[in-house]
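Engineer: Structure incoming, see below.
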Amino acid sequence: MTTTRSEPGSRILSIGECMAELAPTEIPGEYRLGFAGDTFNTAWYLARLRPDATVSYCTAVGTDTLSSQMRAAFGEAGIDDSHVYALPDRTVGLYLISLDRGERSFSYWRGQSAARHLADDPEALVRAMDAADLVYFSGITLAILSPAARQTLLEALRRARAAGKCVAFDPNLRPRLWSEMDEMTDAIMEGARVSDIALPSFEDEARWFSDLDPDATIERYRAAGVGTVIVKNGSEPVHYHRGSESGTIAVPPLTHVVDTTAAGDSFNAAILDGLDGTLPLRETIMRACRLAGQVVQGKGALVSVDPVALTS
């Protein structure tokens with residue numbers, strides 16, 4: 001049965017992995033430490049858009065200095081860390097950004113990432129979701145977990161949805177995180193089946209599910225029981241479907257793109273922000289496009305944005 005909630009409330013829980021980021025500065029050989037990750041980025045932008053809401057992050061970290069710095073960054077961003085679990089024998093994942101004539105590449109170290117164990121405690125997951133109105137997760141959240149922990153998370157999400165929580169999902173397909181492509185696509189559709197809202201990116205869906213166009217992506221997620229599907233497609237129009245509403249929205253053109261990191265994460269934040277029902281869906285999607293447009297004109301995943309300009 002499909003259930004679509006238009007007013008999920010002001011308690012938002014994002015679940016996933018935040019990583020330490022080493023980004024090059026203008027000085028050769030020098031790097032700046034930051035923190036980022038797909039579901040964390042969305043929580044960070046949500047905290048900018050909804051200072052009146054409780055935006056919480058659910059993950060696991062270590063007890064080392066780097067983990068403490070990460071938790072401090074959560075607090076500075078206005079993100080509640082009540083559902084961040086500290087594991088003494090783990091630390092946080094790390095990635096390093098390399099630049100070659102403006103092109104970014106990434107090196108990852110995830111072997112000791114505590115976030116891989118964020119779903120090891122089923123009761124803790126239930127408590128976290130019980131304290132939320134809207135629960136958000138991604139395909140990366142599923143990918144970093146063991147098969148058993150993945151099922152624990154999916155069962156908790158299924159329970160939360162049955163209890164009336166709104167569940168939102170960005171498939172965010174990342175093949176290098178999966179041992180087999182069938183495992184990835186099967187898990188993504190399992191995630192869809194416990195979700196009210198899906199926020200896929202067409203480029204990924206076309207490649208790994210062989211969707212011919214964004215409408216095919218919409219139909220596949222609808223068939224899985226998702227009530228609201230919004231398909232991102234880079235600079236191409238956004239396709240959407242919710243109930244009796246469907247259509248496309250042109251993405252405002254940009255003349256100056258600096259860095260596309262977190263474009264989709266920020267877009268998702270604006271969509272989730274608009275689920276309080278105060279704006280029509282089309283206007284919510286337009287606001288999401290404008291926010292992503294601001295983000296890609298700055299460097300890095302977390303960019304200072306102007307929420308007032310989203311309604312222009």
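Every number here is computed from the coordinates shown, using simple stated rules; none is lab data. These figures come from a predicted structure and were not determined experimentally. Here Cβ is always computed from backbone atoms with ideal geometry, including for glycine, and neighbour counts include all displayed protein chains.
Engineer: Tell me, in nm to one decimal, what length is gained between Thr255 and Leu33 on full extension, where the rule is 0.36 nm per residue of separation less the Cα-Cα distance?
Structural biologist: Length gained between Thr255 and Leu33: 77.0 nm.
Engineer: Which Rg and Dmax, in Å, describe the Cα atoms of segment 217-312?
Structural biologist: Spelled out, the Cα radius of gyration and Dmax of segment 217-312 are 13.4, 39 Å.
Engineer: One-quarter of the Cα convex hull surface for segment 139-240, in nm²?
Structural biologist: Averaged projected hull area, Cα only: 6.1 nm².
Engineer: Plugging the Kirkwood radius over Cα pairs into Stokes-Einstein for the chain, at a temperature of 10 °C and a viscosity of 1.306 mPa s, what D comes out in µm²/s?
Structural biologist: Reported coefficient: 82 µm²/s.
Engineer: Another question about this same structure. Percent of Cα-Cα pairs more than 16 Å apart in segment 191-268, please.
Structural biologist: Taking all Cα-Cα pairs of segment 191-268, the fraction more than 16 Å apart is 51 percent.
Engineer: I need to check one value: relative contact order of the chain, counting alpha carbon pairs closer than 8 Å and at least 6 residues apart, in percent.
Structural biologist: 17
Engineer: What is the sum of charges, Lys and Arg at +1 and Asp and Glu at -1, for the other residues whose Cβ falls under 13 Å from the Cβ of Tyr85?
Structural biologist: Local charge sum for Tyr85: -2.
Engineer: Calculate the length of the line joining the C-alpha centroid of segment 251-312 to that of segment 4-81, in whole Å.
Structural biologist: 17
Engineer: Just for the Cα atoms in segment 11-102, what are the lengths along the principal axes, largest first, rounded to whole Å?
Structural biologist: 42, 34, 18
Engineer: Please arrange Trp44, Trp109 by how many other C-beta atoms lie within 10 Å of their C-beta, fewest to most.
Structural biologist: Trp109, Trp44
Engineer: Now for a separate question. What is the distance in Å between the Cα centres of segment 110-159 and segment 165-206?
Structural biologist: One Cα centre to the other: 14 Å.
Engineer: Mind telling me which of Ser246, Ser195, Ser266 comes out most flexible in a GNM of the chain, alpha-carbon contacts under 10 Å?
Structural biologist: Maximum fluctuation in the GNM of the chain, among the listed residues, is at Ser246.
Engineer: Something else now. Can you give the relative contact order of segment 140-204 as a percent, counting alpha carbon pairs under 8 Å and 6+ residues apart?
Structural biologist: About 42 percent, as a whole number.
Engineer: Right, here's the next one. Taking GluC sites (Glu not before Pro) as candidate sites, keep only those in a DSSP loop with at most 14 other Cβ atoms within 10 Å, then name the longest stretch of the chain containing none of them.
Structural biologist: It works out to 31-179.
Engineer: Starting from the alpha-carbon convex hull of segment 40-156, give the projected area averaged over all orientations, in nm².
Structural biologist: Quarter of the Cα hull surface area: 8.4 nm².
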